[in-house]
Amino acid sequence: MSAPTLTRYGERASLTQSGGEPVPEKLFRWMLIACTAVGVITLVVLLTYTVYKGWPKLNAQLVTNMPSQVSPNTAGAQSAIMGTLWLMVFTALWTIPTGIAAAIYLEEYANPERRINRIIEINIMNLAAVPSIIFGILGLAFISRTLGFGPTILTGSLTLALLVLPTVIIASREAIRAVPQSIRSGSLALGATKWQTVARQVLPSAVPGMATGSILALSRAIGEAAPLLMLGVGFVRFNPDGLMSSFTALPVQIFQWTTESQTQFKELAAAASVILLVLLLAMNSVAIYIRNKTQKRW
Amino acid sequence: MTQLIDKRAAAAGTSGFLRQQRPRHGERAIQVALLAAALVAVATTVAIVIALLIPTLEFFSVVSPVEFLTGTTWTPLFEPPSFGVVPLVVGTLVITVIASVVALPLGLGAAIYLSEYAPERVRRSLKPTLEVLAGIPTVVYGFFALTFITPVIQAIVPGDGLPSVFNALSAGLVMGVMIIPTVASLSEDAMAAVPNTLRQGAFALGSNKRQVSTRVVVPAALSGIAAAFILGISRAIGETMIVTIAAGLQPNLTLNPLKFMETMTAFIASTGQGDVPTGSIEYKTVFAVGMLLFIITFVMNMASIRLVRKYREVYE
Amino acid sequence: MSIDHTHDRPLKTIPVGDMTETPDQPAHTPSINVGGVTRTDPADAPSGDLSVEPVIETRDLSVFYHDYEAVRGVDLTFGKNQITALIGPSGCGKSTVLRCFDRMNDLIPGARVKGTITYHGQDLYAPDVDVIEVRRRVGMVFQKPNPFPKSIYDNVAYGPRVNGWKVDSMDDLVEEALTRAALWEEVKDKLKDSAFALSGGQQQRLCIARCIAVEPDVILMDEPAASLDPISTAKIEDLMQELVRNYTIIIVTHNMQQAARVSDRTAFFTAEVDDQGERHGRLVEMDLTKTIFTNPADRRTEDYVSGRFG
């Protein structure tokens, strides 16, 4: 027996649809898929193109040789690679302990109703969105020129550390917040001090989240070119040999090669981009691995 | 049997045994150290403001703010120099508009798809893919814009001499794609915060998914989506490498996206790179333009933060 | 080295405040039977006389959260080695009062205490009081078991470790605590396993063992069996009867029958609504459990225990 028909306001005569999903709905859904697809397709095209363009230069020479401004035949990116690695290590050194310490303060010690703490929070949220070139100006004005250090590993890593500090803080705060309050209560009720509770209960549980967040923050840092350009980082043909050493980095080198007109330099830029992307891929994979590994509870 | 602990553990005497056995200096010191770390963020903001403000004030003692803000010629290195920042601002604006036209609808569309339509499997592989898009260094995007997109545009768009090798369209399009993940992710957070009961109520009335998404979820998540848009636009304004590489390093007061133009950020980057003597007026232009950039993005960021707070309050 | 824990050997009291040991208690057949479930008749519980030494006393205690007075005018005494139950409907301040005794209310922003609370005659809220030491001596077991994400062994050893105790044998201390919490037999072969591998009832007994390990004087229990099944609940109640020989126990419970079964003395709370329409918790009366349940002084108490409301 067929279902009663809707006579007045019903759009359909029966409860069953004929012809499947109606056209406007289908159109809408495909529109949405298209929106998502644009990003994905562009990503694929970009990656493919970069590898394709850089293919001629993706060889051992890229890693063993120094860059050159005159002879692209023999140019490599060694100083840039080493510079990026040095930067990564020192940026991590400055920003990760500071970020974690700030996150611990904000989550465990700060009374959210006090003005100073709200100011700190707003500052962090704002800094997270300040354009990276402004950090370059900061580095230029204070570290490089006022203190007179010039474009060294020290100034570069300090500038990048400040740039990604808000990211580390935000990620660490989330990790700390995920630790259940009952754990803290249980610890304090046994006569542990606040710091003992933080160090022995909260931090061990929060470490995986903090590690993931820190790695992601670092991967953003090593992809930045604008702040380094402002610091005066430029063409360098040697590997860094200390904190006060000049340096170059992959993003800067890519930029310089991109702006050269010869085809070979463009190929070098693409090849160096591939190296940078591979490095980022490795870092992100580690972060994801850590995140998945610690999903299962103790 | 139970003398397992030494005498120090049990209190000595009933009077005053609750008083502190040992002063806990360590706790205090740790708290101070942690506060110092948190204050680094405040110190950074203060440092940025100082670093920008002082040279800017010095700049404005030589150049009138009116000329700066309304002048349409930007030739700080000419003799006589002209310091009208409008061409840079217009350059930023044109490229930002192009990027927004790309990023805002596509980002919102992707967010709606991920939040309301996509099956779990698809979602789990799409979200990380979009995150990868966000993780690509902007210098690589710039390279892509200059060496791939620009020739494509030049092939597609007919014209004499246009589009030039440096053009705003190429930079704007690529920048738009770069910003899609930002818009998508923040919008999706906002939509995820909409309680399921609202959706179910609409479904129970016979709505289809399109209607629920567009008439219930999006309006409910509106402040979060607005925050996402504002943040996306702010990122576009502040982005440096794509425009430096692909849009041009000569200021050009035009609205034609097929022409070259220089943005505020590109100007700062190219001037700061060069060996500009400290203390000269050219040096100070970097800070004046930087100050303008900072203020614009600061205002937008504050608005975005407010909106995020608003939607979080409503639902949490 | 194994410690003989045949269960007809009475438990000794622990020294509190001085180092003398009290002589063995006369043989009171232990009611804990690990694996089985036995109970003691409440009528056989130690005398709930007010003449027993008071461990904690409150006078005109009020607790505020910012300007809101959550509970007011509370006068209570808690006797040594007795179980005292705080009963009453939801929202009348029982847990709030309980949290005053180990100063856990300090952790809630805006919480303030008025009136006096004394512990062995000492003002618990005096300015020079070491809160950490208070929390060691006044232990707390929470409504939902909250073992740490560590091994069973490390859970029990945590308290002594953070208090900086130098222990001859931590293994012995852990075993002692787990035995007193009636958990040793069930976990002695898996001390290194995660605490989360235990059932809900076992986890709660682990939390009790953890609490015992720091040699408290008073144990506060905030609805300890509320999230447990009836058999685990019975085990906890039996355990409480054993523990009270060595500790003073204060329990908040929604379960009237539990209070009647287990406690020596009972305090009944209720909520009053004032002229502004705000609820404030109040102590109605406190007496021997027998009296509260059979012959209470206040009409409201009688209504509550006979099930007429709440």
Condition first: without any contact (Cβ under 8 Å) to a residue 24 or more places away in the chain and in a helix (DSSP H, G or I). Now tell me which residues in segment A:74-88 satisfy that. A:Thr74, A:Leu85
Pairs please, first residue from segment C:119-132 and crowded, with 17+ Cβ neighbours inside 10 Å, second anywhere and at pLDDT below 90 and among the polar types (S, T, N, Q), Cβ atoms under 7 Å, 6+ apart in sequence or on different chains. C:His120/B:Thr14; C:Asp130/B:Gln20; C:Asp130/B:Gln21
Flag if A:Val89 is buried (at least 24 other Cβ atoms within 10 Å of the Cβ) and of a type in the set (Val, Ile, Thr): no
Kindly indicate the residue of segment A:209-232 that is within 11 Å of chain B (Cβ to nearest Cβ) and either basic (Lys, Arg) or over 20 Å from B:Ile48 (Cα atoms) (or both) and also surrounded by the fewest Cβ atoms within 10 Å (Cβ to Cβ) among those meeting that condition. A:Arg220
Looking at segment B:208-217, can you tell me whether even one residue there is surrounded by fewer than 18 Cβ atoms within 10 Å (Cβ to Cβ) and either aromatic (Phe, Trp, Tyr) or outside any helix (DSSP H, G or I) (or both)? yes
Only one of these is buried (at least 24 other Cβ atoms within 10 Å of the Cβ), hydroxyl-bearing (Ser, Thr, Tyr) and over 15 Å from the mean Cα position of the chain (by Cα): B:Thr254, B:Thr240, B:Thr263, B:Thr271. Name it. B:Thr263
Find the residue count for segment C:253-284, including only residues that are modelled with pLDDT of 90 or more and acidic (Asp, Glu). 1
Determine if segment A:137-146 includes at least one residue that is free of Cβ contacts under 8 Å to residues at least 12 places away in the same chain, more than 7 Å from chain B (Cβ to nearest Cβ), surrounded by fewer than 24 Cβ atoms within 10 Å (Cβ to Cβ) and of a type in the set (Ser, Thr, Tyr). yes
Please find, among C:Arg245, C:Arg210, C:Arg180, the residue that is touching a residue at least 24 places away in the same chain (Cβ under 8 Å), under 20 Å from C:Arg137 (Cα atoms) and surrounded by fewer than 20 Cβ atoms within 10 Å (Cβ to Cβ). C:Arg245
Among the residues of segment B:88-101, which ones are surrounded by fewer than 23 Cβ atoms within 10 Å (Cβ to Cβ) and not hydroxyl-bearing (Ser, Thr, Tyr)? B:Val89, B:Val90, B:Leu93, B:Val97, B:Ile98, B:Val101
Considering only residues that are hydrophobic (A, V, I, L, M, F, W, C) and more than 11 Å from A:Ser187 (Cα to Cα), which ones fall in segment C:157-171? C:Ala157, C:Trp165, C:Val167, C:Met170
Can you tell me which of (1) of a type in the set (A, V, I, L, M, F, W, C); (2) in contact (Cβ under 8 Å) with a residue 24 or more places away in the chain; (3) farther than 13 Å from C:Val63 by Cβ is the one C:Leu107 doesn't meet? (2)
Out of B:Met300, B:Met264, B:Met291, which single residue is at the interface with chain A (Cβ under 10 Å from one of its Cβ atoms) and under 30 Å from B:Pro158 (Cα atoms)? B:Met264
Could you grab the pairs with beta carbons closer than 7 Å, sequence gap of 6+ or different chains, first residue in segment A:184-197 and farther than 13 Å from C:Val131 by Cα, second one of a type in the set (Asp, Glu)? A:Trp195/B:Glu27
Within segment C:89-118, can you find the residues that are closer than 25 Å to B:Glu27 by Cα, within 14 Å of chain A (Cβ to nearest Cβ) and either touching an Asp or Glu at 6+ places or on another chain (Cβ under 9 Å) or surrounded by fewer than 22 Cβ atoms within 10 Å (Cβ to Cβ) (or both)? C:Arg99, C:Arg103, C:Asn105, C:Asp106, C:Leu107, C:Ile108, C:Pro109, C:Gly110, C:Ala111
Restricting attention to segment A:103-130, the residues that are within 21 Å of the chain's Cα centre (by Cα) and in contact (Cβ under 8 Å) with a residue 40 or more places away in the chain number exactly 4
Scan segment C:230-246 and give yes if some residue there is farther than 18 Å from C:Arg300 by Cα and either of a type in the set (Phe, Trp, Tyr) or at pLDDT 95 or above (or both), otherwise no. no
For segment A:142-155, does any single residue satisfy the condition of being in the same structural domain as A:Pro180 (by TED's automatic domain parsing), under 20 Å from the mean Cα position of the chain (by Cα) and assigned to a helix (DSSP H, G or I)? yes
Go through segment B:122-154 residue by residue and tally those that are among the aliphatic types (A, V, I, L, M), within 24 Å of B:Thr244 (Cβ to Cβ) and surrounded by fewer than 15 Cβ atoms within 10 Å (Cβ to Cβ). 1
Log entry, pairs with first residue in segment B:216-227 being more than 10 Å from B:Glu188 (Cα to Cα), second being of a type in the set (Gly, Ala, Ser), beta carbons closer than 7 Å, six or more apart or on different chains, reads B:Val216/B:Ala202; B:Ala227/B:Ser304
Total residues in segment A:44-68, condition surrounded by fewer than 18 Cβ atoms within 10 Å (Cβ to Cβ) and either in contact with a Cys (Cβ under 8 Å, 6 or more places away or on another chain) or at the interface with chain B (Cβ under 7 Å from one of its Cβ atoms) (or both): 1
Among helices (runs of 4 or more DSSP H) lying entirely in segment C:143-220, which contain 2 or more residues that are more than 20 Å from C:Leu239 (Cα to Cα)? C:152-162, C:170-180
Name the single residue that is nearest to the other protein chains (Cβ to nearest Cβ) among those in segment C:143-163 being in contact (Cβ under 8 Å) with a residue 60 or more places away in the chain and surrounded by fewer than 21 Cβ atoms within 10 Å (Cβ to Cβ). C:Lys144
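The values are calculated or read from the model by the stated rules, or taken from the named source; none is laboratory data. None of these values were measured; they are calculated from a predicted model. Cβ atoms come from the backbone with ideal geometry, glycine included; neighbour counts cover every protein chain shown.
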